[in-house]
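This report concerns only the one structure given below.
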Amino acid sequence: MSPRTKPPAVVAELGRPETPEETAARKAQNSANHRNRQTVNNLVYSLIATVALVVVIVLIVPRGNPTASAPPVDYAAVAQQAQGSEPDRLLVPELPSGWKSNSAELRTKTSDKVDAWYIGLLTPKGQYIGIVQGFGANDSWVADQVNRARISGTRDIGGVKWDVYDNRAGSDVGNVAYALVATAGTSTVVVFGTASDDEFTTVASSLAGQLHDLGSPTPGGK
């Protein structure tokens, strides 16, 4: 007696057994759904792995301390190397401890055709003062250095009379909140920045003797 063949199961949605074509279509759809789920899962796993890798890199790569100060620039040494290249001796202020420089350079081949020796200083109070010594400068150059401000008076510091440009009450003054300008020899010297009067006095005083050595300092530009 031959074994009885099991009748095909009735599919609830159809209310009858599936045809071979319907069975093949259902299996094909199930396979497609499975592949789609696998693709989505793989994308999720890849994203998780990428994020984890980024986190690891951020944790292990050494980073500078944003509060750490950069090494000070030896502006005296920079000036020594450049001395003799301009008609006047480059000014080198001697400042008390607590002052440091973050920049020093002799600027040549400039767009305004005025060579200039620049020193950037950070004061003990955390403010900025820049010294720029222009050689053969004109009034237009001075106006650019003081951000087109108007003269507000004069100050005598160390026997040198300076024109004063006080922009502290203005807006958008940038680094030129205050400036002092004097001329000696072929040099026009601008001391500018955001510091207090006493810190400007310290810098101007440190330049006074050198300005006298250049010859008969006078206030302002030429």
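The values are calculated or read from the model by the stated rules, or taken from the named source; none is laboratory data. All values derive from a computational prediction rather than experimental measurement. We place every Cβ from the backbone using ideal geometry, glycine too, and count neighbours over all the protein chains shown. Surface accessibility is based on the protein's heavy atoms, side chains included, excluding ligands, DNA and RNA. Shrake-Rupley method; radii C 1.70, N 1.55, O 1.52, S 1.80 Å.
I need to check one value: relative contact order of the range 99-155, counting alpha carbon pairs closer than 8 Å and at least 6 residues apart, in percent. Could you put the intermediate results ahead of the total?
Numbers: 72 pairs, mean separation 14.9, N = 57.
Once divided by the residue count of the range 99-155, the mean separation gives 26 percent.
Considering all projection directions equally, how large on average is the shadow of the alpha-carbon convex hull of the range 94-222, in square nanometres?
Details: hull surface 29.5 nm².
Computing the convex hull of the Cα atoms and averaging its projections yields 7.4 nm².
Hey, can you grab everything whose amide H is under 5 Å from the amide H of Gly193? Only 5+ residues off in sequence or another chain; H modelled, so Pro and N-termini drop out.
Placed amide hydrogens put Gly130, Ala177, Tyr178 under 5 Å from Gly193.
Mind listing the phi-derived Karplus ³J(HN,Hα) values for the range 70-75, rounded to whole Hz, using 6.51, -1.76 and 1.60 with θ = phi - 60°, and x for any glycine or proline?
With the stated coefficients, the range 70-75 comes to 6, x, x, 8, 7, 5 Hz.
How do the peptides 176-187, 42-53 rank, highest first, by the average count of neighbouring beta carbon atoms within 10 Å per residue? If you can, show how the numbers build up before the last one.
On the way: 176-187: 22.7, 42-53: 10.0.
Per-residue mean Cβ counts within 10 Å order the peptides as 176-187, 42-53.
What list of ³J(HN,Hα) values in whole Hz, one per residue of the range 190-205 in order, does the Karplus curve 6.51 cos²θ - 1.76 cosθ + 1.60 (θ = phi - 60°) give from phi, with Gly and Pro shown as x?
For the range 190-205, the Karplus-derived couplings read 10, 10, 9, x, 10, 7, 7, 4, 5, 6, 5, 4, 4, 5, 4, 5 Hz, x marking Gly and Pro.
By per-residue mean of other Cβ atoms within 10 Å, what is the highest-first order of 192-198, 127-133? Please report the intermediate quantities before stating the final value.
Numbers: 192-198: 17.7, 127-133: 21.9.
Listed from highest to lowest mean packing, they are 127-133, 192-198.
Quick one: Karplus J couplings for the range 121-126, per residue in order, coefficients 6.51, -1.76, 1.60, θ = phi - 60°, nearest Hz, x for Gly and Pro?
10, 10, 7, x, 8, x
Determine how large the accessible area of His212 is when every protein chain is in place; take a 1.4 Å probe and give Å² rounded to the nearest 10.
For His212, the solvent-accessible surface is approximately 90 Å².
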